[in-house]
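Remarks on the structure that follows.
The values are calculated or read from the model by the stated rules, or taken from the named source; none is laboratory data. Owing to the predicted nature of the structure, the values given are computational and were not obtained by experimental measurement. In this analysis, Cβ positions are derived from the backbone assuming ideal geometry, glycine residues included, and neighbour counts consider all displayed protein chains.
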Amino acid sequence: MNEDKINSVLIPTINNILKKMCILLKLLDPVVEKIRLLKNLQLNDQDGIFEKISTIFGDIAVESSKITGSYIPHELASNLKN
């Protein structure tokens, strides 16, 4: 591969991949935080644990759908439940 091809094709492609990886890592950060929160919750039914778990997994689903491009805004998701 000659130097011109490396500069014109390979380096921009690598830069593009790295930028997309950074975006993906930023999107995954809230998901990881929610999983940590879930792990640290005390299992006590009086505290409404199942509601908390449901909320956390709902947030994880939202963040995951943003990554995959199938995001439905929260207001629309709430309307779908009713």
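If the Cβ limit is 9 Å and pairs must be 6+ apart or interchain, which residue in segment 1-22 that is without any contact (Cβ under 8 Å) to a residue 60 or more places away in the chain pairs with which residue that is surrounded by fewer than 10 Cβ atoms within 10 Å (Cβ to Cβ)?
Close Cβ pairs satisfying both conditions: Val9/Met1; Leu10/Met1.
In segment 8-53, how many residues are modelled with pLDDT under 75, of a type in the set (Gly, Ala, Ser) and in a helix (DSSP H, G or I)?
Number satisfying all stated conditions: 0.
Look at segment 54-75 and say how many of its residues are modelled with pLDDT under 65 and surrounded by 10 or more Cβ atoms within 10 Å (Cβ to Cβ).
Within segment 54-75, residues that are modelled with pLDDT under 65 and surrounded by 10 or more Cβ atoms within 10 Å (Cβ to Cβ) number 3.
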